[in-house]
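Right, one structure below, let's go through it.
Computed from the coordinates by the stated procedures, all read-outs in this text should not be read as laboratory data. What you see is a predicted model; the values in this text were computed from it and never measured. No Cβ is skipped: glycine too gets one built from the backbone with ideal geometry, and neighbour counts run over all protein chains shown.
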Amino acid sequence: MPADDPPDHQETAMLHRLIYSSQVAAPMSPDTIEALLAQARTANARRDITGALAFDSQHFLQVLEGSGEALNRLYAALMHDARHRDLRLIDFRAVEQRSFDQWSMAFAAADGRTGRICRRHSASSRLDPAAVTATAALQILQDMAALPAPAAVA
Ligand SMILES: Cc1cc2nc3c(=O)[nH]c(=O)nc-3n(C[C@H](O)[C@H](O)[C@H](O)COP(=O)(O)O)c2cc1C
């Protein structure tokens, strides 16, 4: 191995981006979503994770940014979280910079504006996991996070 090859632990500390979708397991009220977000934002800030979550009352679409190790751990926890199911990993890759560095977890619930955003980037006006590519999913989440309140709350 050449002397300037980085050790393995540096590789896992590299910035990564993970995108997944899931289906809500049972109806979630705005209060329970708020509680989930409050917990997620505190934990994410502690672990240097940023991202965005979109919810249309049926599906979640979430992007997470942070070290590969932190994201692997969080995704393992997400897979065991009974509040959602049918997780589909859409993308997981090393990236050079964050796209959501202002948000410990931006949130957008479905409304007319989010419907138009989905339609702009995919074949559906809903968060249809079968209808989004990794590129479209990222664009949808970026556009939603950039919406002025009340759709996007940092
Ligand atoms: C749709 C959805 C999104 C979530 N997003 C996050 C998140 O961004 N960060 C986080 O720490 N937990 C998130 N959670 C909660 C995790 O699944 C899990 O409950 C939490 O990480 C457990 O934390 P603990 O191991 O510290 O108890 C989310 C849960 C759901 C259902």
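Tabulated data for the structure shown
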{"quantity": "Net lengthening on full extension, Arg83/Asp101 (0.36 nm per residue, minus Cα-Cα)", "calculated": "3.9 nm"}
{"quantity": "Whole-Å distance, taken between Cα centres, linking the range 20-45 and the range 87-154", "calculated": "15 Å"}
{"quantity": "Gyration tensor (Cα) of the chain, equivalent ellipsoid semi-axes in angstrom", "calculated": "27, 17, 15"}
{"quantity": "Mean separation of Cα contacts under 8 Å, 6 or more apart, over the residue count of the chain: relative contact order %", "calculated": "30 percent"}
{"quantity": "Gain upon complete extension [Gln142, Ser124; 0.36 nm per residue less C-alpha separation]", "calculated": "4.8 nm"}
{"quantity": "Protection-proxy order for peptides 91-104, 56-69, each taking the mean of Cβ atoms within 10 Å per residue, highest first", "calculated": "56-69, 91-104"}
{"quantity": "Förster radius 35 Å - calculated FRET efficiency between Ala38 and Leu15, Cβ distance, rounded to 0.05", "calculated": "0.90"}
{"quantity": "Order by protection proxy (mean Cβ within 10 Å, highest first), peptides 133-143, 18-28", "calculated": "133-143, 18-28"}
{"quantity": "Cα Rg, Dmax (largest Cα-Cα span) when computed across the range 72-111, Å", "calculated": "12.8, 33"}
{"quantity": "Helical segments meeting 24 Å axial Cα length and Kyte-Doolittle -1.0 threshold in the chain (DSSP H)", "calculated": "30-47"}
